[in-house]
Amino acid sequence: MTAVVIIPTYNEKGNIEPMIETLEKEIFPQVKSYEMKLLIADDGSPDGTGGIVKSYMRKYKNLEIIEGKKEGLGAAYVRAMTYAIEKMGADVLFEMDCDFFHDPKKIPDFLKKIDEGYDFVIGTRYSKGGSIPPDWGIHRRIMSVWGNTFIRFLFSRKGIYDWTGGYRAIKKEVFLKEKDKLKEFTGYTFQVGFLYNAVIDGYKTAEVPFKAKDRTKGKSKIPGAETIAKTLMFVIQVRAKEVFYGPFGKFLVVGGIGFILQAVILRTLVDVLKYNPSIANLLGAVVAIFSNYNLNNLWTFKTEKINGFAQYLWKMLHFYATSAVGVIFIQTGVIFLGDQFLGRKYYFIYFLAGTAILLVYNFTVYRFIIWRKKPQ
Ligand SMILES: Nc1nc2c(ncn2[C@@H]2O[C@H](COP(=O)(O)OP(=O)(O)O)[C@@H](O)[C@H]2O)c(=O)[nH]1
Ligand SMILES: [Mg+2]
């Protein structure tokens, strides 16, 4: 098995020599079960980083360089990972920075996790045993800790504490599967998007805590407000998609159709045929519930679909009964009270208010009673 440590560089003249030497002399010899190789992904650094790497390539045969246009970290990693797999025989790919932010001594711990069967091993600053650099200013600390807490909260995956970090070991299969999606990600979005897609596809993750250290040589590009905002926007978008393309979004569409049916019947009966609004609402509900039941059955809760005609009728009865509680006591109740105490003129507003409360009640009932997941 071969593991390739990939280090993207841009103007790392001061760090590249000690990094190559530390890895080659101190770290790689500790690893017995993998053939260790090093790949520097340099984007034409004007300070001559690439030249230094090339001079070391004579000394270390397991060291290679891949050069490209400066198109951001994501593009550099995609290019380098592809090269590592195709030209260097990589089975495991490491992401690591050149500035010693990531403690190279942890490399064997990552490989141990890979050997235990994990596919995507994440270096973490935010779990027990990890930390952000002690000399970071208050401003950067707050951004780092809160930014990560926010992402962690939105994604809420058990056991993942560091979504944005760039110290990782990834099985080649994971990269090959996600490669096409990665090309569009830049900056921190690359790290977050890569990990998120791997998790969605069911790859197993583990974390290795490390104590981050601020660079002593060269310039760090402290992330600007724009980079941070872009990353947070990405996370919010992804989550919103998950929520609205999932059962909840479908539930809203189905409920919307039911709502329109009921509203049309209500208005026709009250305005044209002069029905009492409470009675008209109940008649509209009979039709809306029929539509809701069938659309939810065919679409929203498809995976827990009801089978057989007898079960279909039985469950429909059950559905009418549970829906009736909400329709009679919540929706029609609000219309009835409004009609009694505030007058008929605003009956449609009572209907809207009653429906809003009903919505919350219904989703809870549908999800947890009618189409509840069967125990596995
Ligand atoms: N190839 C390549 N490497 C980059 C680029 N930007 C930054 N890097 C490298 O990525 C790593 C992390 O960058 P750094 O400036 O330390 O970012 P910070 O830690 O977020 O402040 C370092 O090894 C940089 O040399 C780039 O555009 N292309
Ligand atoms: Mg850095």
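When the stretch 217-262 is examined, which residues are found to be within 30 Å of Thr332 (Cα to Cα) and among the charged types (D, E, K, R)? Full working, then the answer.
Restricting attention to the stretch 217-262, the residues satisfying the condition of being within 30 Å of Thr332 (Cα to Cα) are 243-244, 246-262.
If the condition is that a residue be within 30 Å of Thr332 (Cα to Cα) and among the charged types (D, E, K, R), then Lys250 is the only one that fits.
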Practice problem: Among the numbered conditions (1) modelled with pLDDT under 90; (2) outside the structural domain of Pro104 (by TED's automatic domain parsing), tell me where Ile257 comes up short. | Solution: (1)
Exercise. Report yes if Gln191 is crowded, with 17+ Cβ neighbours inside 10 Å, within 16 Å of ligand 2 (Cβ to nearest atom) and part of a helix (DSSP H, G or I), otherwise no.
Key: yes
Exercise. Note down all Cβ pairs under 6 Å where the first residue falls in the stretch 218-234 and is closer than 24 Å to Glu12 by Cα and assigned by TED's automatic domain parsing to the domain that holds Met19, the second is in a loop (DSSP other than H, G, I, E, B) and within 13 Å of ligand 2 (Cβ to nearest atom), and they're at least six residues apart or on different chains.
Key: Gly218/Glu12
Exercise. Tell me which residues, restricted to the stretch 1-49, are farther than 19 Å from Phe101 by Cα, acidic (Asp, Glu) and crowded, with 19+ Cβ neighbours inside 10 Å.
Key: Asp43
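Out of everything in the stretch 235-253 that is more than 19 Å from Arg152 (Cα to Cα) and without any contact (Cβ under 8 Å) to a residue 60 or more places away in the chain, what residue ends up being farthest from ligand 2 (Cβ to nearest atom)?
Going residue by residue through the stretch 235-253, those that are more than 19 Å from Arg152 (Cα to Cα) are 244-253.
Now drop any that are not without any contact (Cβ under 8 Å) to a residue 60 or more places away in the chain, which leaves 244-246, 249-250, 252-253.
Details: Phe244: 36, Tyr245: 36, Gly246: 37, Gly249: 39, Lys250: 44, Leu252: 43, Val253: 46 Å.
If we take residues in the stretch 235-253 being more than 19 Å from Arg152 (Cα to Cα) and without any contact (Cβ under 8 Å) to a residue 60 or more places away in the chain, then Val253 is farthest from ligand 2 (Cβ to nearest atom).
Check every one of the helices (runs of 4 or more DSSP H) wholly within the stretch 262-359 and list those with 2 or more residues that are under 30 Å from Tyr245 (Cβ atoms).
Once the helices (runs of 4 or more DSSP H) in the stretch 262-359 are filtered for at least 2 residues that are under 30 Å from Tyr245 (Cβ atoms), what remains is 277-295, 309-324.
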Practice problem: Could you please find all residues in the stretch 194-228 being away from ligand 2 (no atom under 16 Å from the Cβ) and more than 25 Å from Met81 (Cα to Cα)? | Solution: Ala225, Glu226
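Which residue, of Thr216, Thr231, is among the hydroxyl-bearing types (Ser, Thr, Tyr) and surrounded by 17 or more Cβ atoms within 10 Å (Cβ to Cβ)?
Details: Thr216 fails: surrounded by 17 or more Cβ atoms within 10 Å (Cβ to Cβ).
Of the residues listed, the single one that is among the hydroxyl-bearing types (Ser, Thr, Tyr) and surrounded by 17 or more Cβ atoms within 10 Å (Cβ to Cβ) is Thr231.
Quick one: would you say Lys305 is modelled with pLDDT under 90 and over 17 Å from Phe363 (Cβ atoms)? Break it down into steps so the answer makes sense when it comes.
Numbers: modelled with pLDDT under 90: yes; over 17 Å from Phe363 (Cβ atoms): yes.
Considered against the rule, which asks whether it is modelled with pLDDT under 90 and over 17 Å from Phe363 (Cβ atoms), Lys305 comes out as yes.
The values are calculated or read from the model by the stated rules, or taken from the named source; none is laboratory data. The structure presented is a predicted model; accordingly, all values stated were derived computationally and were not measured. Neighbour counts run over all protein chains shown; Cβ positions are idealised from the backbone, glycine included.
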